[in-house]
Amino acid sequence: MSDRKDVYPIGKKNPNLPFHPAVRAGDFIFVSGQVAKDANGNMLDGTIEEETAGTIESIRRILAEEGATLADVVRVTTYLEDTRDFGRYNKVFSEHFKDAVLARTTVEARAVINTKIEMDAIAYKPKRG
């Protein structure tokens, strides 16, 4: 664990994994790759639209722990299992990130777990106080 006071973990860490759901480093929040899960951490399986919305909701919940919102996101990387889903994913993404000022990369890659999509994000939210 870092001894720097401006770097700390966010969210409940899975004891079987060597990383945290997110890390705050100064004014930035780095969200690890997320998939569609409910508030209890149960995987959601559905259409690309449902999994995209669920994945974005997972990111939103993590950001909320630090008082940040999707509007604070400045960078997203998306991993799609099948690029043929790009248009449908992009439509849902656009609905959640309306008027967003962010950089994004989308690649085709199979996740190590059974999911159609995985996303990581970086948010800029200056720390108060």
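The values are calculated or read from the model by the stated rules, or taken from the named source; none is laboratory data. Just so you know, these numbers come straight off a predicted model, no measurement behind them. Cβ coordinates were reconstructed from backbone atoms using ideal geometry, including for glycine residues, and neighbour counts include every protein chain displayed.
Observations, loosely collected:
- From the list Leu70, Leu80, Leu63, the lone residue that is in contact with a Lys or Arg (Cβ under 6 Å, 6 or more places away or on another chain) and either surrounded by 19 or more Cβ atoms within 10 Å (Cβ to Cβ) or not β-branched (Val, Ile, Thr) (or both) is Leu70.
- If the condition is being under 17 Å from Arg75 (Cβ atoms) and not in a strand (DSSP E or B), then segment 110-129 contributes Lys125, Pro126.
- Screening Glu66 with (1) in contact (Cβ under 8 Å) with a residue 40 or more places away in the chain; (2) outside any loop (DSSP other than H, G, I, E, B) gives one miss only, at (2).
- Test for Ala109: is it surrounded by fewer than 17 Cβ atoms within 10 Å (Cβ to Cβ), out of contact with any His (no Cβ under 9 Å at 6 or more places or on another chain) and either at pLDDT 95 or above or within 30 Å of Tyr8 (Cβ to Cβ) (or both): yes
- Lys98 vs. criteria surrounded by fewer than 18 Cβ atoms within 10 Å (Cβ to Cβ) and assigned to a loop (DSSP other than H, G, I, E, B): yes
- Selected residue (criterion: farthest from Val107 (Cα to Cα)) from residues of segment 15-63 that are in a loop (DSSP other than H, G, I, E, B) and either touching a His at 6+ places or on another chain (Cβ under 7 Å) or of a type in the set (Asp, Glu) (or both): Asp27
- Complete set of residues in segment 13-39 that are of a type outside the set (Phe, Trp, Tyr) and in contact (Cβ under 8 Å) with a residue 24 or more places away in the chain: Pro21, Ala22, Arg24, Gly26, Asp27, Ile29, Val31, Ser32, Gly33, Gln34, Val35, Ala36
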